[in-house]
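In what follows, a single structure is set out as C-alpha cells and then discussed.
The values are calculated or read from the model by the stated rules, or taken from the named source; none is laboratory data. Bear in mind that the values here come from a model prediction, so they are computed numbers and not experimental data. Neighbour counts run over all protein chains shown; Cβ positions are idealised from the backbone, glycine included. Areas reflect the complete protein model, heavy atoms only, side chains present, ligands, DNA and RNA absent. Shrake-Rupley method; radii C 1.70, N 1.55, O 1.52, S 1.80 Å.
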Amino acid sequence: TAVRRALFVATLSLASVAVATPLWGQASLYGVLGVGLPGQAVGVRSRALGWGLAAFDAGSAVNPAAVGLLGRLSVAATATTSFRKFSAGETTAEGLRQTRFLYGMVGGRVARSPFSFAISFAPYLDRTSDIASTDTITLRGNSGSTRLRTIRRFSDSAFVSLRDSNQASFSGFGMSVGASLNLSRHASIAVSFRSDTRLDRSIDSVEVGSVDLPVTVVGGIALAPLRALRWSSTVTWRNWSDVEVEGTRSFDTWEVGAGLEIGGPDIGASRIPLRLGVRFAQLPFSPTDDQPTEWVASGGTAYPFARNRAVIEATVERVFRDGGGANERVWQLSFGLVLIP
C-alpha cells in the first residue's frame, strides 16, 4: 500500500511540473489510475439535474427505453469546459483547464411507425494526460520513454527536435436493455441493464492486452406532483472490482443522483426552466485501500428559440473528489445545442 501511494503521488508530482508549461490535456488526476475515469454519456439537461433524470432522458445514452420518448428528428451536441485544481501529498496544482466535446446524439421517430432510433457518441473511459518535464542529458547516452507520443526539444538550436509517436486504439462490445413504466400521470419508474465484454488495446494494429469490463444496473423514479414541477432520481451500480489492473485497487461503485426541474416549454409552464441537482458517486480505482468518492452540486437552464425548433442549454457543476491520498476540485461548464430540423 505504501508503494502504491508513493507511485501515485510521484505520478501526480510529474503532472504538476507541467503546470508551468503549455498543456494540451489536463483531465482529472483520477483518470491516470486503472483504465481511467468512467465517462458520462448524459446530455446537458441530465447534468443540471445531478443525473437524476438520466434513466428517463431521451437526450442521454443511459436507458435504451428512453429513446421511445423521442418525437421528431433531433440533433444534440454538448461541449464541456473544466477548471480544476488538485492536491496529492505535498504536491498541488491550480489553473488546469480543458475543453472537450463530450456528447452528441441524433435520433427521432421512424416515419409512419411506432419505432424510434438514436445514435450517440460519448467517452466510455477518460485517461487523457500530458506530462512535461525539463532535464539535462548527455547525448549518445541511454534514454527512452514508454509514452505513446514522445517529443524532445533542445535549448541548443544546434540540435533538431525529436518526435516519436505510436497509434493506440481500444475496442470492446456491449449490449443494453431497458424499460420504463408510467405508474400514473404523476409517477414513472425505469430500469436498464448493460453488459460489456472486454476492452482490447492495440498499438500500431498489434494487440497488446485486454481487461474485463463491468456490468451496469440502473434504476430510476420520476415524480411530477404539479404541472410545473418535476423531481427525478437515478441510481447506478457497476461491478468495477472485476476489472483487474496491476498496481491498482478496484472497487464496485454506486452512484446516486437527484434533481428538481421547475418550468420549461415542454410542459407548457414557462419558457425558461430552472434545474437543480446533487449527485454522489464512488470512483472505481485507487492506489490504496481508500476508495475515492465524488460529490457534485449542479444547476442549469435552457432557452428555446426559432419557434421551439432549437434549444440552447447550459449547466454549471461544482465537483469535489477525495480519496486515495489526493483531492480534486473542479468547476465544470457545459453547453448544449438541440436542433429539430
Would you check the accessible area of residue 84, probe 1.4 Å, heavy atoms only, in square angstrom rounded to 10? 20 Å²
Given a Förster distance of 25 angstrom, what is the FRET efficiency for residue 155 paired with residue 94, based on the Cβ-Cβ distance and rounded to 0.05? 0.40
Quote the accessible area belonging to residue 337 in square angstrom, nearest 10, computed with a 1.4 Å probe and with ligands, DNA and RNA left uncounted. 70 Å²
Rounded to the nearest 0.05, what FRET efficiency do residue 242 and residue 117 have when you use their Cβ-Cβ distance and R0 = 30 Å? 0.40
Once ligands and nucleic acids are excluded and a 1.4 Å probe is used, how much of residue 320 is accessible, expressed in Å² to the nearest 10? 80 Å²
How high is the FRET efficiency between residue 215 and residue 290 when r is their beta carbon distance and R₀ equals 30 Å, given to the nearest 0.05? 0.75
Positive-end residue of 291, 314, 327, charge dipole of region 277-341 with Cβ unit charges: 314
Once you have the Cα-Cα distance between residue 110 and residue 227, take 0.36 nm times their residue separation minus that, and quote the gain in nm to one decimal. 39.2 nm
Using per-residue counts of other Cβ atoms within 10 Å, averaged over each peptide, order 232-245, 207-220 from highest down. 232-245, 207-220
